[in-house]
Amino acid sequence: MGSLKALANGNPFHSRSIEMNSHALDDDTILVEGWLREDRFAPVYALTGEKIEPGPVHHMVIRLRLGGTPPTILDAEAEMEHVPLEFCRSTLETIQRVIGLEIRAGFKNKVREMMGGEQGCVHLAHLLTVMSQAAFQGHVALQRKSRQPLPGSLDAVEGLDSLMGSCRAWGPDGPKVNDLKTALAKKGR
């Protein structure tokens, strides 16, 4: 099979970038900011036949304040610096619907239900679902700034249900789970 890398000629006609940062607010609370920027580098034509010149398509930000275990959205806000239609900004209030939502299994589906579809914005919902992993990682990083005692069992590991099955390494026989089981067995000796 050939390499697709060779086909990327350095002249994209469209780009989308997503960036995220987490900020510690206190020992249990973080602020997560996520930006989605989408640009078009060549003219296109709308379904109506109107020519649309190159330039920014979407540029938006979501800010979440999270705390607790599992991480829970305590506050949320969104801004749309650039959108294809002014009408798009009418969906900004949908971000308020996720306040109180826990970042755990099923989060992405809940966000799509609450913020997607005809009453929402697929781009805002997409940014938030992508942010959930960064928010979870930022929250875990904050909790692990200092060494914590090893729990007595797998069932006592806070947040483990969010990690189990999230990737091959956290599968039932993956290296992360096996390392944890080994450490617990050594502690029990």
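The values are calculated or read from the model by the stated rules, or taken from the named source; none is laboratory data. As the structure is a computational prediction, the values presented were derived from the model and not from experiment. Quick reminder, even Gly has a Cβ in these numbers, built from the backbone with ideal geometry, and neighbours come from all protein chains shown.
Numerical summary
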| item | result |
| --- | --- |
| Residues located in segment 157-188, provided they are in a loop (DSSP other than H, G, I, E, B) and either β-branched (Val, Ile, Thr) or assigned by TED's automatic domain parsing to the domain that holds Pro71 (or both) | Val157 |
| Residue in segment 51-59 that is touching a residue at least 12 places away in the same chain (Cβ under 8 Å), in a helix (DSSP H, G or I) and out of contact with any Pro (no Cβ under 7 Å at 6 or more places or on another chain) present | no |
| The lone exception for Phe136 - which of (1) crowded, with 19+ Cβ neighbours inside 10 Å; (2) of a type outside the set (Val, Ile, Thr); (3) closer than 30 Å to Ile52 by Cα; (4) under 14 Å from the mean Cα position of the chain (by Cα) it fails | (3) |
| Selection status of Thr72, among the polar types (S, T, N, Q), in the same structural domain as Ser15 (by TED's automatic domain parsing), within 14 Å of Leu127 (Cα to Cα) and in contact with a Leu (Cβ under 7 Å, 6 or more places away or on another chain) | no |
| Residue under evaluation Ile62, criteria (1) without any contact (Cβ under 8 Å) to a residue 24 or more places away in the chain; (2) surrounded by 17 or more Cβ atoms within 10 Å (Cβ to Cβ); (3) of a type in the set (A, V, I, L, M), criterion not met | (1) |
| Extreme residue, farthest from Gly34 (Cα to Cα), among residues of segment 157-189 that are over 26 Å from the mean Cα position of the chain (by Cα) and surrounded by 10 or more Cβ atoms within 10 Å (Cβ to Cβ) | Lys187 |
| Filter result (over 18 Å from Leu124 (Cα atoms) and either under 20 Å from the mean Cα position of the chain (by Cα) or exposed (fewer than 11 other Cβ atoms within 10 Å of the Cβ) (or both)) within segment 23-41 | His23, Ala24, Leu25, Asp26, Asp27, Asp28, Thr29, Ile30 |
| Checklist (1) in a helix (DSSP H, G or I); (2) outside the structural domain of Glu53 (by TED's automatic domain parsing); (3) free of Cβ contacts under 8 Å to residues at least 40 places away in the same chain; (4) of a type outside the set (A, V, I, L, M) applied to Lys110, failing item | (2) |
| Residue tally, condition outside any loop (DSSP other than H, G, I, E, B) and surrounded by 11 or more Cβ atoms within 10 Å (Cβ to Cβ), over segment 139-156 | 6 |
| Cross-chain or 6+ apart pairs with Cβ under 6 Å, segment 170-182 first and closer than 17 Å to Leu150 by Cβ, then surrounded by 14 or more Cβ atoms within 10 Å (Cβ to Cβ) | Lys176/Trp170 |
